[in-house]
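Student: Below you'll find the structure I mean.
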Ligand code: HEM
Ligand SMILES: Cc1cc2nc3c(=O)[nH]c(=O)nc-3n(C[C@H](O)[C@H](O)[C@H](O)COP(=O)(O)O)c2cc1C
């Protein structure tokens, strides 16, 4: 048992201990490696980081720390001897865990378009969470391109047809879907809503929408599955259409861990397909997050420690872990969680492990890769640039779809083709379907609706009035 007063002494980059769920970890060597930035950990040095941690990570992510990091359990009667996170008073710590109500959140009925939820989310969320949800890579070029490109194409409306009955349902990988769109996978929903993925899963099932769960969820696969099954039972007793859950996979670096993850998802039983994200060999450089982290470091008096070469030398001379500042300049490779070495060859063992249930590649951005996907025996491709969060000058899904129609038309019809990014209106969805998409993914609008109004917001965002 470790005493809080002892833990509190390890409160700098030279020796940084944190408490997560009553366990004490020495994260000194991990601080410069942390993909979410070093500041967020240094702020928690010698403190209880459980609440902040739970917003971003599921309980098992902590197992990615280097061996030997776990030091023992904390004596819970000494928790009050721990440090207060740097840059925050004790009151602020408590407030930071609650949703901010400073802004004016419009009444939910004033959200008439999917894009209206954005302002509501901004008014609701703490700034850090707002930035996490809304930010994009570098100058935001591909993020903006996603939205703008849908307005570049218009319809050629044919008239004098009987449209009294209109059917918008589709099939997603063999499963009927009453809607031609699904909820895109988004990680760390605990930073958006206290119940994060649980609340989103409830909304998904209640609307009869299909939805993807992220590997980076702040809740465990088992918690999500349990919610899905409970909600599904309730929904089916009212005669509603069935939702399907799909799993978004980030392949970990370690092969054994990858195998275990796939086996665990398969064993969970409720995920009918595996969507392998292939556009994230490193985390994109999300500018707004970086500004926010830099400001946070300044507020907490950690800025010099973070960036100064002199500080780096001093730490090294005292035997501490040298901060790897250079990594922070571009994208951040997340240690353990995400393999930068995945290639087309890996699809063979992923297929063997996953069995004959469908596999979709998420993040195809050229006709050439669409053709390769077809050759590699997957069932679907998702044309996506990760909502503009990864590569700065990436094509929008619409542009990739047009490229495929021109240079690899054989892919359409042989593979299911999904698109996502910037879809904010039913008309955008219809354009994608007219151009050959099977269905489309929607990300931020549902996340914003969740932030401002919880599951009711998502339900309204899906069905409107
Ligand atoms: C101690 C063990 C920890 C490990 C192994 C770890 C690992 C990671 C990894 C792999 C990522 C990048 C991928 C992802 O978004 O899931 C990440 C991002 C992040 N982590 Fe951690 N983390 C740890 C602790 C913490 C703690 C204590 C906090 C908060 C106090 C935190 C906050 C964040 C944030 C804010 C991000 C950025 C999310 C984003 O912008 O995508 N992490 N962490
Ligand atoms: C906050 C946030 C988190 C995301 N997390 C993931 C993730 O964990 N895995 C993934 O494959 N894609 C992730 N994405 C990308 C989405 O799945 C999707 O490709 C993108 O959001 C679609 O664009 P849209 O937000 O404009 O609708 C995330 C997107 C956002 C906004």
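The values are calculated or read from the model by the stated rules, or taken from the named source; none is laboratory data. Remember, predicted model here, so these are calculated numbers, not experimental data. No Cβ is skipped: glycine too gets one built from the backbone with ideal geometry, and neighbour counts run over all protein chains shown.
Student: Counting only residues that are away from ligand 1 (no atom under 13 Å from the Cβ), give me the helices (runs of 4 or more DSSP H) lying completely in the stretch 1-90 with at least 1 of them. Explain how you work it out, then say what you get.
Tutor: Details: elements: 4-9, 39-42, 50-56.
Helices (runs of 4 or more DSSP H) meeting the threshold: 4-9.
Student: Looking at (1) touching a residue at least 60 places away in the same chain (Cβ under 8 Å); (2) under 20 Å from residue 60 (Cβ atoms); (3) out of contact with any strand residue (DSSP E or B) (no Cβ under 8 Å at 6 or more places or on another chain), find the lone condition where residue 288 falls short.
Tutor: (2)
Student: Further, regarding this structure: Return only the number of the condition from (1) within 12 Å of ligand 2 (Cβ to nearest atom); (2) within 23 Å of residue 154 (Cα to Cα); (3) buried (at least 24 other Cβ atoms within 10 Å of the Cβ) that residue 424 does not satisfy.
Tutor: Looking at each condition in turn, residue 424 falls short on (3).
Student: Picking from 202, 171, which residue would you name as being at pLDDT 95 or above, more than 16 Å from ligand 1 (Cβ to nearest atom), over 26 Å from residue 402 (Cβ atoms) and not in a loop (DSSP other than H, G, I, E, B)?
Tutor: Of the residues listed, the single one that is at pLDDT 95 or above, more than 16 Å from ligand 1 (Cβ to nearest atom), over 26 Å from residue 402 (Cβ atoms) and not in a loop (DSSP other than H, G, I, E, B) is 202.
Student: Going residue by residue through the stretch 151-162, is there one that turns out to be outside any loop (DSSP other than H, G, I, E, B) and in contact (Cβ under 8 Å) with a residue 24 or more places away in the chain? It would help to see each step written out before you state the result.
Tutor: Start the filter on the stretch 151-162 by keeping residues that are outside any loop (DSSP other than H, G, I, E, B), which leaves none.
No, that holds for no residue.
Student: Check whether at least one residue in the stretch 214-221 is within 28 Å of residue 434 (Cα to Cα), surrounded by 22 or more Cβ atoms within 10 Å (Cβ to Cβ) and in contact (Cβ under 8 Å) with a residue 24 or more places away in the chain, and report yes or no.
Tutor: Taking the stretch 214-221 and keeping what is within 28 Å of residue 434 (Cα to Cα), we get none.
No: the stretch 214-221 contains no residue that is within 28 Å of residue 434 (Cα to Cα), surrounded by 22 or more Cβ atoms within 10 Å (Cβ to Cβ) and in contact (Cβ under 8 Å) with a residue 24 or more places away in the chain.
Student: Which one of these is assigned to a helix (DSSP H, G or I) and not assigned by TED's automatic domain parsing to the domain that holds residue 62: 212, 229? Step through it out loud before you land on a result.
Tutor: Numbers: 212 fails: assigned to a helix (DSSP H, G or I).
Within the list 212, 229, the selection yields 229.
Student: Checking residue 179 against (1) in a loop (DSSP other than H, G, I, E, B); (2) buried (at least 24 other Cβ atoms within 10 Å of the Cβ), which test does it fail?
Tutor: (2)
Student: Write out, first by first residue and then by second, each pair whose Cβ atoms fall under 9 Å of each other, whose residues are 6+ apart or on separate chains, and whose first residue, in the stretch 49-77, is assigned by TED's automatic domain parsing to the domain that holds residue 20 and without any contact (Cβ under 8 Å) to a residue 12 or more places away in the chain while the second is more than 8 Å from ligand 1 (Cβ to nearest atom) and in a helix (DSSP H, G or I).
Tutor: Once the first residue is assigned by TED's automatic domain parsing to the domain that holds residue 20 and without any contact (Cβ under 8 Å) to a residue 12 or more places away in the chain and sits in the stretch 49-77, its partners that are more than 8 Å from ligand 1 (Cβ to nearest atom) and in a helix (DSSP H, G or I) give 77/4.
Residue-by-condition table, conditions (1) under 21 Å from the mean Cα position of the chain (by Cα); (2) surrounded by fewer than 17 Cβ atoms within 10 Å (Cβ to Cβ); (3) assigned to a helix (DSSP H, G or I); (4) not assigned by TED's automatic domain parsing to the domain that holds residue 349:
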position	(1), (2), (3), (4)
373	no, no, yes, no
377	no, yes, no, no
381	yes, no, no, no
401	no, no, yes, no
410	no, yes, yes, no
418	yes, no, no, no
